[in-house]
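As structure tokens, the structure follows; a few thoughts come after it.
Throughout, read-outs are computed from the coordinates displayed, never taken from laboratory work. Everything quoted here is computed from the prediction, not taken from an experiment. Note: ideal-geometry Cβ built from the backbone for every residue, glycine included; neighbour counts use all protein chains shown.
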Amino acid sequence: MRKALYRKAQRGKQVSQSYSLPAPVGGWNARDSAANMSELDATILVNWFPDTTDVRVRKGYADHVTGISGQVESLMVYNAPDGTSTMFCAAGGEIYDATSAGAVGAAVVTGQTNDRWQDVNFTISSGASYLCNFNGEDSPQYWNGSAWLTVTGASSPAITGITTSTIVSAEVHKRRMWLVVKDSLDAYYLPVDSVGGAAKSIKLGGIATDGGFIQQIGTWTLDAGEGADDYWVAYTSEGQVVVYKGTDPSSSSTWSLHGVWHIAEPIGRRCMMKYNGDILLLGVSGIIPLSKLIVSASTDPNVAITEKINQAMTAASGSYRNNFGWETFLYHQGDMVIMNVPVQEGSDQEQYAMNTITGAWGRFKGIEANCWGMLDKEPYFGSNGNVSKFWGNTSDNGANITTDLKQAENYFNSRGRLKYFKSLRPNISADGFPAVAAGMNCDFRDTPISGNVSFSSVTAGVWDSGLWDTEQWGAGLLLLNDWQTTGCVGTSGALRMTTVSANLEVRFAASDHVYEHGGVIG
């Protein structure tokens, strides 16, 4: 039987070789063959976010409003004309003001049966501004900046022509509020510049030929601003996208069908998100930008922005699509799109996070988010009994953040030749000393870092209070690049690394590897 051969080097001849790998700024790859990935990719990238020049440990969260009774399943933010914002949350059949941090106050709306509200802000030409909320079971709840209004067919304002408790979501298009009702292919609209009035309908029954019902309505803006290029979009439960253009749906001369496209079925009611001038459609096969769908003569799965993680996306949607909590969320200042993935309702959620500059993906764990919202340009999420602020600190409400990273398999420029990986050093920058453990997974093995990687947070000393030679003093980012022994043998290897930290910024830029060549396997 043939065996791998190590050739003894001549006396005085160097046998070890070195190789440097950049950090996986290409992000999480759940699409390509493990034997043919870019060295800029990673097969595991948990609690790391791929930046443009390195990857960083994701930031954490802290309690914002506590003591809420039940699962927070909706965050609704009212943006007033004077620039101020107010955030409300829904849990346990009640709505609370969640703007200010601290213990929750008394409910502002009570006696509701469903906490899964869809909301829209609408300022009409008179200057009156509303936060309009719909859940498909209770009468709509409007906030006008000073009072809550329950909207029925006889209230002020009132919506007539439909049963208001069947309205499940809404969208403002061309100065009209459009309404989605449960279990129907009829889309309803109100008079121009009005949050009430007689609702009229357009019927999609003969157009959406696969049947089903309207899941959500949106506005697609080609020029990223109000104008003649605003298109009306409906996404049905059977995966049909119906697009109209025009201004007045009651007139055939100013309202016409632009097209009908077939894509994957949507996931949940919150399946459309405005993304600059585009709309992102969340379906069982991934997130598709509407602009890519419209310009294509046929539906190409490669246009999905989740295309690089499509195997993970389809596996998650196949297992968890009926769970509440699917949602896409844009965080501009973090250059991030977040897709919330409810592994288990109310207790186990993940987030797939995309860098909007590079399109690279990471995977977050440990954030039990039911829903997301933006208050004063900062991200918040609702969970069991809490509203939390995200990305504002570097711990999970004081607890450690644990990461896992496995870089793409690499043959180190010699496919099929055996190698003895002797040591490596990850080049990490941090403003403290995180716990770091690294090794190599050889020949496509998937072996987590063994042993207990522990970390204890250290508080830096305070000037004029801390004692010299006793306190540890804070600093900027330090380079941490200690060598670690690997002792792995194989034709290929993949860096595997875990970190544990809290209250630290941690970035990973590159890794250096030392190895010896062996013979060719026979």
| What is the fewest-to-most order of Asp335, Asp51 by other Cβ atoms lying within 10 Å of their Cβ? | Asp335, Asp51
| query | Over the chain, what is the relative contact order in whole percent, taking alpha-carbon pairs under 8 Å and six or more residues apart? | reply | 19 percent
| field | Stretch gain in nm, segment Asp482-Ala101, where the contour uses 0.36 nm per residue and the Cα spacing is subtracted | value | 133.0 nm
| remark: Fewest-first ordering of Thr356, Thr498 by Cβ atoms within 10 Å yields Thr356, Thr498
| In sequence order, what are the phi-derived ³J(HN,Hα) couplings for the stretch 159-170 according to the Karplus relation 6.51 cos²θ - 1.76 cosθ + 1.60 with θ = phi - 60°, rounded to whole Hz, with x for glycine and proline? | 10, 10, x, 9, 7, 4, 6, 8, 6, 10, 6, 8
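Pairs Lys59/Lys292; Lys59/Lys406; Lys59/Lys174; Lys182/Lys389; Lys182/Lys365: which exceed 27 Å Cα-Cα?
Numbers: Lys59/Lys292 32 Å; Lys59/Lys406 20 Å; Lys59/Lys174 39 Å; Lys182/Lys389 32 Å; Lys182/Lys365 33 Å.
In this structure, Lys59/Lys292; Lys59/Lys174; Lys182/Lys389; Lys182/Lys365 lie more than 27 Å apart at Cα.
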| query | Across all directions of projection, what mean area in square nanometres is found for the Cα convex hull of the chain? | reply | 31.2 nm²
| note | Restricting to aspartates and glutamates and to Cα separations under 12 Å from Lys419, and discarding same-chain partners fewer than 8 apart, the set is Asp443, Glu516
| field | Test item: Cα-centred dipole of the chain, Lys/Arg +1 and Asp/Glu -1 on Cβ, debye | value | 2300 debye
| task | Please list the non-local residues whose amide H lies under 5 Å from the amide H of Ile287, H modeled 1.01 Å from N, same-chain partners needing a gap of 5 or more. | result | Ile305, Thr306
| query | Which one of Asn29, Gln344, Trp48 is farthest out on the positive end of the charge dipole of the chain, using unit charges on Cβ (Lys, Arg +1; Asp, Glu -1) and the Cα centre as origin? | reply | Asn29
| note | Once phi for every residue in the stretch 105-119 is put through the Karplus expression 6.51 cos²θ - 1.76 cosθ + 1.60 (θ = phi - 60°), the whole-Hz ³J(HN,Hα) values, with Gly and Pro written as x, are x, 5, 5, 8, 9, 10, x, 8, 9, 9, 9, 9, 8, 10, 10
| remark: Under 5 Å from the placed amide H of Asn427, counting only residues 5+ away or on other chains, we find Ala509, Ala510, Ser511, Asp512
| request: Report the Stokes-Einstein translational diffusion coefficient (µm² s⁻¹, integer) for the stretch 62-305, Rh taken as the Kirkwood radius over Cα pairs, at 20 °C with viscosity 1.002 mPa s. | output: 114 µm²/s
| Computed label-point distance, nm, for sites Phe433 and Thr53 using a 7 Å Cα→Cβ extension | 2.7 nm
| said: Go through the cysteines of the chain and tell me which have no other cysteine Cβ under 4.7 Å away. | reply: Cys89, Cys132, Cys271, Cys371
| Label-point separation in nm, Glu137 to Asn452, each point 7 Å along Cα→Cβ | 4.5 nm
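Could you compute the net charge surrounding Gln240? Neighbours are other residues with a C-beta less than 10 Å from the C-beta of Gln240; K and R count +1, D and E count -1.
Values: positive: none; negative: Asp210, Glu238, Glu265.
That sum, taken over residues with Cβ under 10 Å, equals -3.
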| note | Taking a crude spin-label model, label points 7 Å out from Cα along the C-beta direction, the Asn36 to Lys203 distance in nm is 5.2 nm
| query | In terms of Cα to Cα distance under 14 Å, which aspartates and glutamates are near enough to Lys377, apart from those fewer than 8 places away along the same chain? | reply | Asp335
| note | Plugging the Cβ-Cβ distance of Ser20 and Thr356 into 1/(1 + (r/R0)^6) at R0 = 25 Å yields, to the nearest 0.05, a FRET efficiency of 0.30
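Taking Rh as the Kirkwood radius, which is the inverse of the mean 1/r over Cα pairs, what is the Rg/Rh value for the stretch 353-449? Display every interim value, and only then the final one.
On the way: Rg = 18.6 Å, Rh = 17.5 Å.
On the Cα set of the stretch 353-449, Rg over Rh gives 1.07.
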| query | Which cross-chain or sequence-distant (5 or more) residues have an amide H under 5 Å from the amide H of Ala369, H modelled 1.01 Å from N in plane? | reply | Gln349
